[in-house]
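Working notes, structure below.
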Amino acid sequence: MTEKAFDEITLASGLKLKNRLVKAAMEESLGNEKQQPDRCIERLYHQWAQGGVGLIITGNVMVDKLAMTGPGGLALEDEANVLAFARQAQAGQKNDAKIIMQINHPGRQVYKKMRGKVLSPSAIPLNLGKHSSLFGVPKAMTEEEIEDVIARFVKTALLAEQAGFNGVQIHAAHGYLISQFLSPLVNQREDSWGGNLENRAKLLLQVAEGIKSAVSPSFSLSVKLNSADFQRGGFDVDDAKQVVEMLSDVGIDFVELSGGSYEAAAMQGVTKDGRTLAREAYFLSFAEQIAKDTQLPIMTTGGVTQLSTVKQVLDTKVELVGIASALAFEPNLVNTWQQNPSHQATILQPSFKDKTLKALATMAIVRRQLIRLGQGKRVQNSQCSTVTLVRDQLRAARLTKRYLRSVKR
Ligand SMILES: Cc1cc2nc3c(=O)[nH]c(=O)nc-3n(C[C@H](O)[C@H](O)[C@H](O)COP(=O)(O)O)c2cc1C
């Protein structure tokens, strides 16, 4: 079948992808006690590369091991870790796939039990109703802390290049630190890092420019950005359009559009401002609006399980399609589509009414598959969501203890 999905594309850095299908970032929670990838991660990435995607974006890797999105996460901040990451890069480059590392700082989205640094543009805690106390209380960052974070992103990008990755992606979506700076709800600073959009985007731009000037020109740089936060008064599609324009002067390869945060899990198809998202390709209508006004290649991720949806996305000006959960259940999905274009991936969904529990259970179910694949086991096609969530929480508690021992907190 002659689908655009299987056409190659060469990005501005010269990175050539054999097709338009991208494994989107999923934090694997399979790091070892030193926040490094181990054999399980290699096995997992090997399967995705063999499965036919053109590009693999790793789960987020932290720029500071004292500020982690969760236990079992990865951090890359010094040379000692390069070798372990190099093995992950090699696994992800099998079968002519390319691999880029997503790099992130969680800002205020840090679990209290992790006892890490909880930084934010302003001292505004997460509002998750009765679940808010699960998260640490943030402090407003000083100028020195902002400069330190920028330097960390640049260092991690350089280390990723040394480790053999084809590029890095800056995580500026989902309510993490850079997304917090972009959000008028969370960023209430009165200095040059807050106020108008240009100021709120300064952290993202300085990180992007810093990386661009440090790495070689053939090292790919991209950004994951919210098309909107889907919260009243939050970062919205017009802001996203302007930020994409600002980024086009930096010389990046593409912008991946997603949406939401821990407060409004739009990346799982749920909003908090009354807007509804499409059943598949959640952010397509927003991505279309943004893509029509820019020369930068746009990718969109969220809710894709069928090749017909991929086609619908690529029939617009969007150039790349990200797939996350479906590739946890079916790492071979792209090869399957080449044999059987009407195949639809099956994703297990939890049945909780409470939005926070539902979001946690969704993550837990997908994470369970990643762990099983990493251990060389088959995916599970049926499971009780309550049991999976409880097991995930018990595992997280164990890994949190291990983390606290390793960073001596
Ligand atoms: C277990 C899990 C971990 C995730 N980790 C990340 C991450 O590290 N970085 C990121 O940008 N998005 C992350 N996401 C979000 C996905 O990249 C994607 O935006 C979202 O799941 C919607 O796509 P999907 O419907 O294809 O899963 C994660 C999603 C899941 C389910």
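Of the residues 253, 239, which is open to solvent by 20 Å² or more (accessible area, probe 1.4 Å) and over 20 Å from residue 303 (Cβ atoms)?
The conditions single out 239.
Check off (1) closer than 30 Å to residue 233 by Cβ; (2) open to solvent by 40 Å² or more (accessible area, probe 1.4 Å); (3) away from the ligand (no atom under 13 Å from the Cβ) for residue 343 and give me the number that stays unchecked.
Against the list (1) closer than 30 Å to residue 233 by Cβ; (2) open to solvent by 40 Å² or more (accessible area, probe 1.4 Å); (3) away from the ligand (no atom under 13 Å from the Cβ), residue 343 comes up short only on (1).
Does the stretch 177-203 hold any residues that are touching a Phe, Trp or Tyr at 6+ places or on another chain (Cβ under 7 Å) and either in a helix (DSSP H, G or I) or among the polar types (S, T, N, Q) (or both), and which are they?
181, 182, 183, 187, 199, 200, 202, 203
Any residue in the stretch 69-96 that's under 22 Å from residue 10 (Cα atoms): show its pairings with residues that are surrounded by 23 or more Cβ atoms within 10 Å (Cβ to Cβ) and at pLDDT 95 or above at Cβ separation under 6 Å, as long as the two are six or more apart or on different chains.
Sorted first by the residue in the stretch 69-96, then by its partner, the pairs are 89/99; 89/165; 91/45; 92/45; 92/56; 92/99; 93/99.
Which residue out of 389, 370 is within 10 Å of the ligand (Cβ to nearest atom) and either touching a His at 6+ places or on another chain (Cβ under 8 Å) or open to solvent by less than 20 Å² (accessible area, probe 1.4 Å) (or both)?
370
Only one of 327, 348 is within 27 Å of residue 43 (Cα to Cα), modelled with pLDDT under 95, of a type outside the set (Val, Ile, Thr) and within 13 Å of the ligand (Cβ to nearest atom). Can you tell me which?
348
Sort out which residues of the stretch 303-329 are part of a strand (DSSP E or B) and open to solvent by 10 Å² or more (accessible area, probe 1.4 Å), and write them in order of number.
306
Within the stretch 134-171, how many residues turn out to be free of Cβ contacts under 8 Å to residues at least 60 places away in the same chain and either in a helix (DSSP H, G or I) or within 16 Å of the ligand (Cβ to nearest atom) (or both)?
Adding up the residues that qualify gives 10.
Within the stretch 92-113, how many residues are part of a helix (DSSP H, G or I) and either open to solvent by 10 Å² or more (accessible area, probe 1.4 Å) or modelled with pLDDT under 95 (or both)?
5
Yes or no: residue 313 under 30 Å from residue 356 (Cα atoms), of a type in the set (A, V, I, L, M, F, W, C), within 14 Å of the ligand (Cβ to nearest atom) and modelled with pLDDT of 90 or more?
Answer is yes for this residue.
Conditions (1) open to solvent by less than 10 Å² (accessible area, probe 1.4 Å); (2) part of a strand (DSSP E or B); (3) of a type in the set (Asp, Glu), marked per residue:
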{"position": "22", "(1), (2), (3)": "yes, yes, no"}
{"position": "27", "(1), (2), (3)": "no, no, yes"}
{"position": "32", "(1), (2), (3)": "no, no, no"}
{"position": "44", "(1), (2), (3)": "yes, no, no"}
{"position": "47", "(1), (2), (3)": "no, no, no"}
{"position": "52", "(1), (2), (3)": "yes, no, no"}
{"position": "56", "(1), (2), (3)": "yes, yes, no"}
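For the stretch 183-201, name all the residues that are closer than 20 Å to residue 224 by Cβ and in contact with a Gly (Cβ under 9 Å, 6 or more places away or on another chain).
183, 184, 185, 186, 187, 200
Exactly one of these conditions fails for residue 84: (1) in a loop (DSSP other than H, G, I, E, B); (2) away from the ligand (no atom under 14 Å from the Cβ); (3) buried (at least 18 other Cβ atoms within 10 Å of the Cβ). Give me its number.
Failing condition for residue 84: (1).
The values are calculated or read from the model by the stated rules, or taken from the named source; none is laboratory data. Just so it is clear, the structure is predicted and the values come from calculations on it, not from any experiment. Glycine gets a Cβ as well: all are built from the backbone with ideal geometry, and neighbour counts include every protein chain shown. Ligands, DNA and RNA are stripped out before the accessible areas are found, and what is left, the full protein with its side chains, is counted by its heavy atoms. Shrake-Rupley method; radii C 1.70, N 1.55, O 1.52, S 1.80 Å.
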